[in-house]
Amino acid sequence: MVSERARTAAKTDEELVERVRGGETRLYAQLVERYQDPVYSMAARFVRAGGDAEDIAQEAFLRAYRGLAEFKGEARFSTWLYRITWNLCADWMRRHRKRGRAPLSMEEAREVADGRVDLEGDMLLAEQRRAVRDALDRLDEKYRVVVTLLYFQKLSYEEIAAVLDVPMKTVETRLYRARRLLKESLRRAGMEEPT
């Protein structure tokens, strides 16, 4: 006999949304389970503070749940959820801009300290990552967000346009300019383009 969880686990996002709207609210947990890692990852890339990223992720899921009645289904559920997450991240960045960016986690330092990283072999790579991260941080927000959504969140151009509520041509233009600005910034830092 197949359990209720097994029967609902294979449902599409759209089917789960409809069933949650229909009163099976416990099924919302499956949507949270599906998207908790990408939503948290997106928040962490923008706010760079683990606790704040967790708060943003939780708030995104809460807002999505409360807004399911208004969700028209014109975009995929995931795109709609990423848009909510982006709006929360943008609000956080505006509130924290004057105090500067939140510090990065100490994960890289821990990796070196406990021997998970070969210092000689990885120092150059770490330096390159830091240079790319710094160059990305210096980009204007409208450029940084499209790069982050494309390369780190793995969203398509269409999904980025929907998340940011801009035409796809705007996404293409911003990506072109962002890549050019990153290349110039890395060149000024004495680095070649990252692979």
#### Entry: Out of Tyr143, Tyr176, Tyr151, sole residue that is over 13 Å from the mean Cα position of the chain (by Cα), aromatic (Phe, Trp, Tyr) and loosely packed, with under 15 Cβ neighbours inside 10 Å
Tyr176
### Task
Report yes if some residue within region 45-67 is outside the structural domain of Gln153 (by TED's automatic domain parsing) and in contact (Cβ under 8 Å) with a residue 60 or more places away in the chain; otherwise report no.
yes
### Query
Taking the condition at pLDDT 80 or above, out of contact with any His (no Cβ under 8 Å at 6 or more places or on another chain), of a type outside the set (Gly, Ala, Ser) and not assigned by TED's automatic domain parsing to the domain that holds Leu81, does Arg110 pass?
no
### Message
Of the conditions (1) at pLDDT 80 or above; (2) of a type in the set (Val, Ile, Thr); (3) assigned by TED's automatic domain parsing to the domain that holds Gly190, Thr85 satisfies every one except a single condition; which number is it?
### Response
(3)
### Task
Please enumerate the residues belonging to region 14-25 that are charged (D, E, K, R) and either more than 16 Å from Arg66 (Cβ to Cβ) or part of a loop (DSSP other than H, G, I, E, B) (or both).
Glu14, Glu15, Glu18, Arg19, Glu24
### Query
Taking region 166-192 only, how many residues are within 14 Å of Trp86 (Cα to Cα) and at pLDDT below 90?
0
### Members of region 125-174 that are of a type outside the set (Ser, Thr, Tyr), part of a helix (DSSP H, G or I), free of Cβ contacts under 8 Å to residues at least 40 places away in the same chain and under 20 Å from Pro38 (Cβ atoms)
Arg133, Arg144, Val146, Val147, Leu150, Glu158, Ile160, Ala161, Val171
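Kindly indicate whether Lys98 is among the basic types (Lys, Arg) and either at pLDDT 90 or above or crowded, with 18+ Cβ neighbours inside 10 Å (or both).
Values: among the basic types (Lys, Arg): yes; either at pLDDT 90 or above or crowded, with 18+ Cβ neighbours inside 10 Å (or both): no.
When the stated conditions are applied, Lys98 does not pass them.
The values are calculated or read from the model by the stated rules, or taken from the named source; none is laboratory data. As the structure is a computational prediction, the values presented were derived from the model and not from experiment. Positions of Cβ are generated from backbone atoms using ideal geometry, with glycine treated the same way; all protein chains shown enter the neighbour counts.
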